[in-house]
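Here's the structure we're looking at; comments come further down.
The values are calculated or read from the model by the stated rules, or taken from the named source; none is laboratory data. Every value quoted in this text rests on a predicted model; they were computed, and no experiment measured them. All Cβ positions, even for glycine, are placed from backbone atoms using ideal geometry, and neighbour counts span all protein chains on display.
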Amino acid sequence: MTASPHSKELILVADPMCSWCWGFAPAVSSIRQRYGDRLAVTLVVGGLRAGNDKIMDDESKNYIRHHWQEVNKASGQPFDFDFFERDDFIYDTEPACRACVTVRGIKPEATLNYLELLHRSFYANNQDITDTSVLTSLAVSLGIDAEHFTAVFQSEEARAATYDDFQVARNLGVTGFPTIVAVDKPPNEDGESQFAYLTVGYRPFEALEPILEEWMAA
């Protein structure tokens, strides 16, 4: 992750295939619009079901469908429930996480836009974001060269960097997604950055705004 010139930073720990993270996307957008010129927002991918190799059965479909319904009710975010008509889907979140890490390395300023694209493509448009061609086309839509993206995405370095993110999330004590960690950086290198949870789990922007205002003013 690149260093930020800002004295305050938000670390968003999320997964592209986490439905509550999709529900939280409008809050992230509002945070960026309101504070983006004064505040760095950095993505760390969490690896919700990274490495899963089991085809979804009826039990897992019902479990996930219930979560989608809850998120839709709480946030109003759209979902395409035709997803559950798939018979051979493997809910492995590692490729989409690795795609985010790839974009973060190639074009850092597009990382959060890419995350939102992945969310919308998967949840609202029923696209398979475990598919490399889908991940590549979405990166291309943000001005990233397809061959460059694919080469980096398929590299061992990208795989290692993705698992480094998973470890960062664990080191931060994150146990669920989305989580936002607020970071106060010291004025010089001799001090230590201060970390605090802004939110653990979904909350609308309206609930976060007064907390952010107080923190930004401190």
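Overview of results
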item: Which numbered condition THR179 misses (of (1) more than 17 Å from the chain's Cα centre (by Cα); (2) surrounded by 22 or more Cβ atoms within 10 Å (Cβ to Cβ)); result: (1)
item: Tally of residues being at pLDDT below 95 and either surrounded by fewer than 16 Cβ atoms within 10 Å (Cβ to Cβ) or not in a loop (DSSP other than H, G, I, E, B) (or both) across segment 36-61; result: 4
item: Long-range neighbours under 9 Å by Cβ, at least six apart or interchain, first residue closer than 20 Å to VAL71 by Cβ and aromatic (Phe, Trp, Tyr) within segment 162-185, second outside any loop (DSSP other than H, G, I, E, B) and modelled with pLDDT of 95 or more; result: PHE177/VAL13; PHE177/ALA14; PHE177/TRP20; PHE177/CYS21; PHE177/PHE24; PHE177/ALA169
item: Residue that is crowded, with 20+ Cβ neighbours inside 10 Å and of a type in the set (Ser, Thr, Tyr), where the choices are TYR197, TYR202; result: TYR202
item: Members of segment 161-218 that are among the hydroxyl-bearing types (Ser, Thr, Tyr), over 13 Å from VAL44 (Cα atoms) and part of a strand (DSSP E or B); result: TYR197, THR199
item: Enumeration of residues in segment 82-126 that are touching a Phe, Trp or Tyr at 6+ places or on another chain (Cβ under 7 Å), assigned to a helix (DSSP H, G or I), under 21 Å from PHE24 (Cα atoms) and not small (Gly, Ala, Ser); result: ARG98, CYS100, VAL103, HIS119, TYR123
item: Pairs, first under 22 Å from ILE90 (Cβ atoms) in segment 59-78, second among the aliphatic types (A, V, I, L, M) and modelled with pLDDT of 95 or more, C-beta under 8 Å, six or more apart; result: ILE64/MET56
item: Filter result (touching a Leu at 6+ places or on another chain (Cβ under 6 Å) and modelled with pLDDT of 95 or more) within segment 1-16; result: LEU12, ASP15, PRO16
item: Filter result for the condition that a residue is touching a helix residue (DSSP H, G or I) at 6+ places or on another chain (Cβ under 9 Å), exposed (fewer than 14 other Cβ atoms within 10 Å of the Cβ) and within 17 Å of ALA14 (Cβ to Cβ), over ALA207, ALA161, ALA124; result: ALA124
item: Hits in segment 62-100 (condition: buried (at least 19 other Cβ atoms within 10 Å of the Cβ) and of a type in the set (Val, Ile, Thr)); result: VAL71, THR93
